[in-house]
Amino acid sequence: MTLRLDPHRLIHVLLDAVGDDAAMGLALGAISEPLSSVAVQAFVVSKKTGLVVNNKLTFARDGQWEDFDGYEEHWRDVDPRYLTAIRRPGRAFSDVEVIEPATFERSALYNENLARGNVRYTLFGSFDVSPELAMAVAFMRPRSNGAYQQDEVDSFTRLVPTLTRALRVHELVRGLDEERRDLREALDTVPTAIAVVDARGRVRSTNAAACALLARGEGLKTERGVLTASHPATARHLAASIAEAGALARSSLARPAPSQSPVVKIERPEGPPLEVVLFPLHGQSSLRPSGHVMAVIHDPELSVSLDAELIARLYGLTATEAEVAVALAAGHSLSNVAAERGCSEQTVRTHLKRIFAKTGLSRQSDLVRALLTGAAIHATR
């Protein structure tokens, strides 16, 4: 048998699918069609731990076996096809070649899982994707299509190098995307507004605090995707400073110390000005020739909210003591706290003494500093 799928077309399909599990499943479906397969399942497995890294590379034609999640949970580790593939990597097999057919058809795997989706025969194997990862793949079809023959096994084997290279890139892109999402989530928890711009001021990324600040448009804003200021003179100064930092990012010079980084003050209609500190980012590639700059935007009016429940857990405080500590950190006086809680000032002082005893501190200023620099910082307001 000769696969009807054009090799060049296969490469295009696989490259287009890189980074998208659903699309990669469809690419496997394109390979499965000339093999008369109705379902495909591929696992990317860590060769060191044996744990599945990615089990979302699946394809099933309408009305055929789609119990991929159930297979992973209940059957994979007892499936003779999977166990054979892992023990004998680098080869493709037809199931009838290595598994006694009558025994297989009496198995719970076949009767309780595969047969329900009209799946009987499998072409499968395990192949290296990278030094750390392997791919276990199974092409499946119904009894009416017959067992996979040697020429079909050989045809698939010829495709393996292209498929494994594509999966190597696929997993690399997935890993980078996951790292980017993790970093974005981490930055979104930072109270300070942070934006990454190129040398022309075009915004490339922002954390949640920067999104909120720029949406208000109080002196600092985006215009056609460019970070700029409302006042024309300030806008020119900001653009020149970003260009200066971008030039440093493109150069081979060492990154300047924070005290030497360009700083721009952004006047606002009300309140003290924003302060934008520009840090050159030296990450360079041919895909990103323009120097990138991190703009850290300080808002003097920014207040930090503290998580009272977290403070209680961190320091062993009662709920009331934690609420008193939060109020003091927010700048309230003892008399204000007493009035808000409907108790005497002496009661608040008693709570404060207990807070000092539990935290090991002795001054209110030390308590406030510990809370505002510790893990209890929760969000900005």
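The values are calculated or read from the model by the stated rules, or taken from the named source; none is laboratory data. The structure presented is a predicted model; accordingly, all values stated were derived computationally and were not measured. Accessible surface is based on the protein model in full, side chains and every heavy atom, while ligands, DNA and RNA are left aside. Shrake-Rupley method; radii C 1.70, N 1.55, O 1.52, S 1.80 Å.
Share of the chain's accessible area from carbon and sulfur, percent, 1.4 Å? After summing per-atom areas, the C and S share lands at 52 percent. All distinct Cα pairs of region 67-221 go into the 1/r average, and the inverse of that average, the Kirkwood radius, is 19.5 Å. Each 10 Å bin from zero holds the following percent of Cα-Cα pairs in region 97-161: 18, 46, 28, 8. Could you run the Debye sum over the Cα atoms of region 63-120, one equal point scatterer each and no solvent, and tell me log10 of I(q)/I(0) at q = 0.20, 0.21 Å⁻¹, two decimals? One equal scatterer on each Cα of region 63-120 leads to -0.80, -0.88. Size descriptors for region 50-159: radius of gyration and Dmax over Cα atoms are 13.5, 39 Å. Taking a straight Cα-Cα cut-off under 25 Å and skipping sequence neighbours fewer than 8 places away in the same chain, the lysines within cross-link reach of K47 are K56.
When M140, M294 are compared by accessible area at a 1.4 angstrom probe, the order from most to least is M294, M140.
Taken as Cα centroids, region 145-170 and region 45-105 sit 15 Å apart, rounded to the nearest whole angstrom. Remark: accessible surface ordering of V38, V98 (largest first) is V98, V38, probe radius 1.4 Å. When the Debye formula is applied to the Cα atoms of region 175-284, each taken as the same point scatterer, what base-10 log of I(q)/I(0) results at q = 0.13, 0.15, 0.22 Å⁻¹? Calculated log10 I(q)/I(0) at the listed q: -0.51, -0.68, -1.33. Solvent-accessible surface of the chain, taken per residue with a 1.4 Å probe and all protein chains present: 52 Å².
Each 10 Å bin from 0 upward holds the following percent of the Cα-Cα pairs of the chain: 5, 17, 17, 13, 15, 16, 11, 5, 1, 0.
Multiplying each eigenvalue of the alpha-carbon gyration tensor of region 327-373 by 5 and taking the square root yields semi-axes of 18, 13, 7 Å, largest first, rounded to whole angstroms.
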